[in-house]
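Beneath this line is the structure, given in C-alpha cells, with notes to follow.
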Amino acid sequence: MTNSSETPAKSTAQPVPLLDVGRDNEPLRDEMLAALASVYDSGRFLHGPDVSELEREIAAYSQTDHAVGCASGSDALLLALMAMEVGAGDEVILPSFTFFATASAVWRLGAKIVFVDIDPVSFNIDPAAVEAAVTARTKAILPVHLFGQCAEMPAICEIAKRHNAFVIEDTAQAIGADYQGRAAGSWGDVGCLSFYPTKNLGGCGDGGMLTTNNAELAQRLRLYASHGMQPRYYHHVVGINSRLDSMQAAMLRVKLPHLDRWTTSRQQNAARYDQLLQDAGLTDHLTLPAHDRGSRHVWNQYSIRVGNGDRDRLRAWLAEGQVGSEIYYPVPLHRQACFESLGYPAGSLPESERAAQEILNLPIFPGLTAAEQERVVARMGEFFAARTASAA
Ligand SMILES: *Cc1c(COP(=O)(O)O)cnc(C)c1O
C-alpha cells in the first residue's frame with residue numbers, strides 16, 4: 001500500500017541518524033518500565049537491591065572482584081583519583097585526545113595534568129610517550145580505551161609497575177572490550193565506567209561504576225562516594241556524594257544481558273563499513289579504523305580519517321544528505337582554553353592535533369541497518385567522485 005502523501009524521492013533520502021538510542025531500547029520497553037515500576041513500588045530509590053546486584057553483575061562482566069556504583073563516568077574518574085589521594089604535587093599522565101572528563105578530574109584535585117600524545121593508528125595513548133613523561137612525581141597513569149578499543153595495557157602496566165605509579169583505566173567507551181582476552185577495567189588498579197545514554201551500556205540518565213580487584217580500594221571508593229562517612233555521621237575523609245540510583249540500576253540490569261548481542265551488531269556494522277568503503281574504492285581518500293585482531297573491540301565509535309582538509313567539507317555534505325556524523329574530538333585537550341596555563345603550544349602533541357583535524361565518526365549503533373550503511377557510503381562516494389572530477 002502506498003500513501004499518497006509519500007513522494008518517491010523520500011524513500012531514497014531517509015535520514016540516517018548518528019545514533020538512535022530509542023531504536024535499540026524499543027524492544028525492551030515493557031521490561032524497562034516494569035523494572036522502573038518495581039523500584040517505584042519498593043520506595044528504595046537509593047541503595048536498593050538492584051544497585052548491589054548490578055555491581056555484582058558488572059564486576060563479573062569486567063572480570064574483576066569488585067564494582068562500586070557512582071553517579072557518572074566523570075565521578076568514577078574523580079573518585080578513583082581521590083581514593084588514591086592524588087593531589088597537589090602529584091602528576092598524572094593521560095592522553096590529550098579524549099573526552100574532557102579524563103583531564104578535569106585531575107585538575108579539580110590540584111594535581112598536575114601531564115598530557116601525552118597518541119598512537120596515530122589506534123588513537124590510544126602511546127606507551128613510549130608515557131615512558132618519556134614519567135617523573136619522580138608521577139602518581140598515576142590514566143589510559144583511555146578510546147572508541148571501544150583497549151590501549152596497550154601490558155606496556156602501560158609494566159611502566160607503572162617499574163615507577164610505582166597507579167593505573168586508572170578510563171573504560172567509559174569500552175565496556176566488554178578486552179586486550180588479548182583480559183577485560184578492560186581489570187588491567188589497572190581501577191576501571192571507570194560510564195552509563196551515559198550513548199555509551200555501549202547506556203542508562204536513561206547519568207550513571208557510572210568503578211571496577212577493581214583490590215578489596216581495600218573498593219572500600220575506599222565506597223567511602224569517598226558517600227561523603228567519607230562510616231558509620232552514618234562519622235566522617236573519615238572528605239568525600240563527595242555520588243550514587244548510582246536504583247532506577248538506573250534496575251534499567252541497566254534489563255539491558256546488560258543484551259550487551260554482547262549489541263556488541264556483535266557493532267562489530268558486524270564495523271566489518272560492513274570496512275567492506276563497503278573498500279568496495280566503493282574510498283580507501284584512497286580515507287583511512288579505515290585499525291583493529292587489533294587479538295583483542296575485542298566493542299566499537300563505541302567507527303572512526304575514519306579524512307585528510308587533505310576534506311573532513312569538514314565531507315561532514316557538511318553528509319549533513320546536507322541527512323546522514324549523521326560527528327567529530328570526536330575537534331580540539332585536543334592540551335589546546336583547550338581552560339588548560340592554556342599548562343603551556344602546551346600548537347604543535348606540541350602533533351598526532352593528537354592531526355587526529356582532531358582528520359577524524360570523522362560515522363553511525364555505528366547496534367540497530368543501524370545494512371541499507372542505512374549503504375546510504376552512508378554512497379553519499380561519501382558522491383563526495384569523493386565530485387572532488388576527483390573537479391580536481392581533474
Ligand atoms: C563519556 C566519557 C566520560 C564521562 O562519562 P559521564 O558518565 O558522561 O560523566 C569520561 N571519559 C570518556 C572517555 C568518555 O567517553
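The values are calculated or read from the model by the stated rules, or taken from the named source; none is laboratory data. These figures come from a predicted structure and were not determined experimentally. No Cβ is skipped: glycine too gets one built from the backbone with ideal geometry, and neighbour counts run over all protein chains shown.
Take the residues in region 91-113 that are closer than 21 Å to Lys161 by Cβ and surrounded by fewer than 23 Cβ atoms within 10 Å (Cβ to Cβ), then tell me which one is nearest to the ligand (Cβ to nearest atom).
My answer is Ala111.
Here is a yes/no grid of residues against (1) over 17 Å from Pro197 (Cβ atoms); (2) surrounded by 15 or more Cβ atoms within 10 Å (Cβ to Cβ); (3) at pLDDT 95 or above:
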| site | (1), (2), (3) |
| --- | --- |
| Asn3 | yes, no, no |
| Arg23 | no, no, no |
| Met32 | no, yes, yes |
| Val39 | yes, yes, yes |
| Ser42 | yes, no, yes |
| Phe45 | yes, no, yes |
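Whether any residue in region 37-47 is more than 29 Å from Ala136 (Cβ to Cβ), polar (S, T, N, Q) and in contact with a strand residue (DSSP E or B) (Cβ under 6 Å, 6 or more places away or on another chain) is what I want to check.
Step one: list which residues in region 37-47 are more than 29 Å from Ala136 (Cβ to Cβ), which gives 37-47.
Pick out the ones that are also polar (S, T, N, Q) and you get 38, 42.
In the following step, the residues that additionally are in contact with a strand residue (DSSP E or B) (Cβ under 6 Å, 6 or more places away or on another chain) were identified as none.
So far as region 37-47 goes, no, none of its residues is more than 29 Å from Ala136 (Cβ to Cβ), polar (S, T, N, Q) and in contact with a strand residue (DSSP E or B) (Cβ under 6 Å, 6 or more places away or on another chain).
Any chance you could count how many residues in region 198-220 are within 30 Å of Asp24 (Cβ to Cβ) and aliphatic (A, V, I, L, M)? I'd like the intermediate steps shown before the answer.
Filtering region 198-220 for residues within 30 Å of Asp24 (Cβ to Cβ) gives 198-212.
Subset that is aliphatic (A, V, I, L, M): 201, 209-210.
Count: 3.
Can you work out which of the residues in region 329-344 that are outside any helix (DSSP H, G or I) and touching a Phe, Trp or Tyr at 6+ places or on another chain (Cβ under 9 Å) is nearest to Leu362 (Cα to Cα)? Reasoning before the result, please.
Keep residues of region 329-344 that are outside any helix (DSSP H, G or I), which gives 329-332, 336, 343-344.
From what's left, touching a Phe, Trp or Tyr at 6+ places or on another chain (Cβ under 9 Å): 329, 332, 336, 344.
Working: Tyr329: 13, Pro332: 19, Gln336: 24, Tyr344: 30 Å.
Checked region 329-344; the qualifying residue nearest to Leu362 (Cα to Cα) is Tyr329.
Check whether at least one residue in region 56-65 is assigned to a helix (DSSP H, G or I) and within 30 Å of Thr135 (Cα to Cα), and report yes or no.
Of all residues in region 56-65, those assigned to a helix (DSSP H, G or I) come to 56-61.
Within this subset, residues satisfying the condition of being within 30 Å of Thr135 (Cα to Cα) are none.
Among the residues of region 56-65, not one is assigned to a helix (DSSP H, G or I) and within 30 Å of Thr135 (Cα to Cα), which makes the answer no.
For a quick check of your reading of the model, give me the residue pairs whose first member lies in region 258-279 and is basic (Lys, Arg), whose second is part of a helix (DSSP H, G or I), with beta-carbon atoms closer than 7 Å and at least 6 apart or on different chains.
Arg272/Ala370; Arg272/Gln373
List the residue pairs whose Cβ atoms are under 6 Å apart, where the first residue sits in region 204-218 and is within 13 Å of the ligand (Cβ to nearest atom), the second is β-branched (Val, Ile, Thr), and the two are 6 or more positions apart or on different chains.
From residues that are within 13 Å of the ligand (Cβ to nearest atom), the pairs are Met209/Ile58; Leu210/Val68; Leu210/Val190.
Only one of (1) without any contact (Cβ under 8 Å) to a residue 60 or more places away in the chain; (2) surrounded by fewer than 24 Cβ atoms within 10 Å (Cβ to Cβ) fails for Tyr196. Which number is that?
Condition not satisfied by Tyr196: (1).
May I ask you to verify whether Leu201 is modelled with pLDDT of 95 or more, part of a strand (DSSP E or B) and either within 16 Å of the ligand (Cβ to nearest atom) or surrounded by fewer than 24 Cβ atoms within 10 Å (Cβ to Cβ) (or both)?
Numbers: modelled with pLDDT of 95 or more: yes; part of a strand (DSSP E or B): no; either within 16 Å of the ligand (Cβ to nearest atom) or surrounded by fewer than 24 Cβ atoms within 10 Å (Cβ to Cβ) (or both): yes.
Considered against the rule, which asks whether it is modelled with pLDDT of 95 or more, part of a strand (DSSP E or B) and either within 16 Å of the ligand (Cβ to nearest atom) or surrounded by fewer than 24 Cβ atoms within 10 Å (Cβ to Cβ) (or both), Leu201 comes out as no.
The conditions are (1) within 16 Å of the ligand (Cβ to nearest atom); (2) buried (at least 21 other Cβ atoms within 10 Å of the Cβ), and Asp126 fails exactly one of them. Which is it?
(1)
Given the structure, is Arg243 charged (D, E, K, R), in the same structural domain as Ala76 (by TED's automatic domain parsing) and part of a loop (DSSP other than H, G, I, E, B)? Break it down into steps so the answer makes sense when it comes.
Details: charged (D, E, K, R): yes; in the same structural domain as Ala76 (by TED's automatic domain parsing): yes; part of a loop (DSSP other than H, G, I, E, B): yes.
Taking the combined requirement at face value, the residue satisfies it.
I want to confirm something. Restricting to region 53-89 and keeping residues that are crowded, with 20+ Cβ neighbours inside 10 Å and of a type in the set (Asp, Glu), which single residue is nearest to the ligand (Cβ to nearest atom)?
Only one residue tops the list, namely Asp75.
Is there a residue being part of a loop (DSSP other than H, G, I, E, B) and either within 16 Å of the ligand (Cβ to nearest atom) or at positive phi (or both) anywhere in region 259-280? Give the derivation first.
Residues of region 259-280 part of a loop (DSSP other than H, G, I, E, B): 280.
After this cut, where a residue has to be either within 16 Å of the ligand (Cβ to nearest atom) or at positive phi (or both) as well, the list is none.
No, the conditions are met nowhere in region 259-280.
Looking at Glu53, Glu57, which one is of a type in the set (D, E, K, R) and under 19 Å from Asp178 (Cβ atoms)? Step through it out loud before you land on a result.
On the way: Glu53 fails: under 19 Å from Asp178 (Cβ atoms).
None of the other options fit; the residue is Glu57.
Quickly run through region 204-219 and pick out the residues that are of a type outside the set (Val, Ile, Thr) and either in a strand (DSSP E or B) or not assigned by TED's automatic domain parsing to the domain that holds Ile168 (or both). Lay out the reasoning, then the answer.
Keep residues of region 204-219 that are of a type outside the set (Val, Ile, Thr), which gives 204-210, 213-219.
Within region 204-219, Gly208, Met209, Leu210 qualify.
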